[in-house]
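Okay, so here's the structure we're looking at.
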Amino acid sequence: MTGTVYKSTGSWYSVKNELGAFYKCRIKGKFRMKGIKSTNPIAVGDRVDFELETNNDETTGVINFIHDRTNYIVRKSVNLSKQTHIIAANIDQVFLLVTIDNPPTFTSFIDRFLVTAEAYSVKTILLFNKIDTYPEDTLDEVRYLAHVYREIGYECIGISAATGKNIDKVKAKMIGKVSMFAGHSGVGKSTLVNAIEPDLDLKTKEISNQHMQGQHTTTFAEMFDLNFDAKIIDTPGIKGFGVVDMDKEEVGDYFPEFFKLKQDCKFNNCIHVDEPKCAVKDALDRDEIAYSRYRSYIQILEGEDEHYRTDNWDNE
């Protein structure tokens, strides 16, 4: 049988076959030996072949083949720096939820996520959530950030999962697609999903006052079928987003505004740091490239995986 992985809990996978039936499946042992550096060789969204077996009156499946992926989102595994973690596969689009505070989403996190999405050909839309809670000066920050990312070419939507503002816009973009929701813990992913599809009733938790961080409510990525011809993948809150194995020469290609200027650099292997006649640095000097974006780029080049969590988008 062929099916789609809807949930992974580490050793077991929930797989939906083409007739709509769900089966509890495990991996055939040899999958773990194929040199896959990922902590999870199979991810939510994967298309797999499996065969059924019955033991003690319980029928389960054994996955024996993974179909080629159209794309996937991957990050460095939190505790195992040499390994990666595939968050989800075969995604039509990602909605990255951003909050200015409660909890803060820093531009370095946004940029790391966007770079990875560009590298793996995943369309990303930025959702600025909780705009019903912000005072005017914070709304100005939202407008500024939205302007920065729109100029690059990313779609940005201001929403309130709590009040329903612009939820209809998000739903319209989801029809006929597999959409992944991502962001820090506490940015409102589960609240948003519940606003889009109340029948799912995903668990939500209040922000932890002590650390101003969300508390994890989603432990594993999981796909859900919605009642308006759409699928969503809800993911655990991501604290940090380590960028996986990129050559220094290619990082700039995943910053669309840098990539556009690359042909105007004097050297075709320019990495936009110390080289003379660099079109990217010239554009930065003219304020045509956001300083926060360039700083994120330098951090990725230097492999600063830990420092960006406390970084912000101001220029100080």
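The values are calculated or read from the model by the stated rules, or taken from the named source; none is laboratory data. Small disclaimer: the values here were computed from a predicted structure and weren't measured. Quick reminder, even Gly has a Cβ in these numbers, built from the backbone with ideal geometry, and neighbours come from all protein chains shown. Accessible surface areas use protein heavy atoms only, side chains included; no ligands, DNA or RNA. Shrake-Rupley method; radii C 1.70, N 1.55, O 1.52, S 1.80 Å.
Among the residues of the range 165-195, those identified as of a type in the set (D, E, K, R) and part of a helix (DSSP H, G or I) are Asp168, Lys169, Lys171, Lys173, Lys189.
Across the range 46-66, the number of residues qualifying as in contact (Cβ under 8 Å) with a residue 40 or more places away in the chain and farther than 16 Å from Ser11 by Cα comes to 4.
Restricted to the range 72-95, and to residues that are modelled with pLDDT of 90 or more and of a type outside the set (A, V, I, L, M, F, W, C), which residue is surrounded by the fewest Cβ atoms within 10 Å (Cβ to Cβ)? Working first, answer last.
Taking the range 72-95 as the starting set, the residues that turn out to be modelled with pLDDT of 90 or more are 89-95.
Applying the additional criterion that residues be of a type outside the set (A, V, I, L, M, F, W, C) yields 90, 92-93.
Numbers: Asn90: 21, Asp92: 18, Gln93: 16.
Here the answer is Gln93.
Only residues that are surrounded by fewer than 18 Cβ atoms within 10 Å (Cβ to Cβ) and not in a helix (DSSP H, G or I) were counted across the range 126-155, and they come to 3.
Only a single criterion out of (1) more than 30 Å from Gly303 (Cα to Cα); (2) in contact with a strand residue (DSSP E or B) (Cβ under 8 Å, 6 or more places away or on another chain); (3) modelled with pLDDT of 80 or more; (4) open to solvent by less than 60 Å² (accessible area, probe 1.4 Å) is not satisfied by Phe31, namely (3). Within the range 284-298, the set of residues being more than 19 Å from the chain's Cα centre (by Cα) and not aliphatic (A, V, I, L, M) comprises Asp285, Arg286, Asp287, Glu288, Tyr291, Ser292, Tyr294, Arg295.
Tell me, yes or no, whether the range 156-164 has at least one residue that is part of a helix (DSSP H, G or I), buried (at least 18 other Cβ atoms within 10 Å of the Cβ) and modelled with pLDDT of 95 or more. No, the range 156-164 contains no residue that is part of a helix (DSSP H, G or I), buried (at least 18 other Cβ atoms within 10 Å of the Cβ) and modelled with pLDDT of 95 or more.
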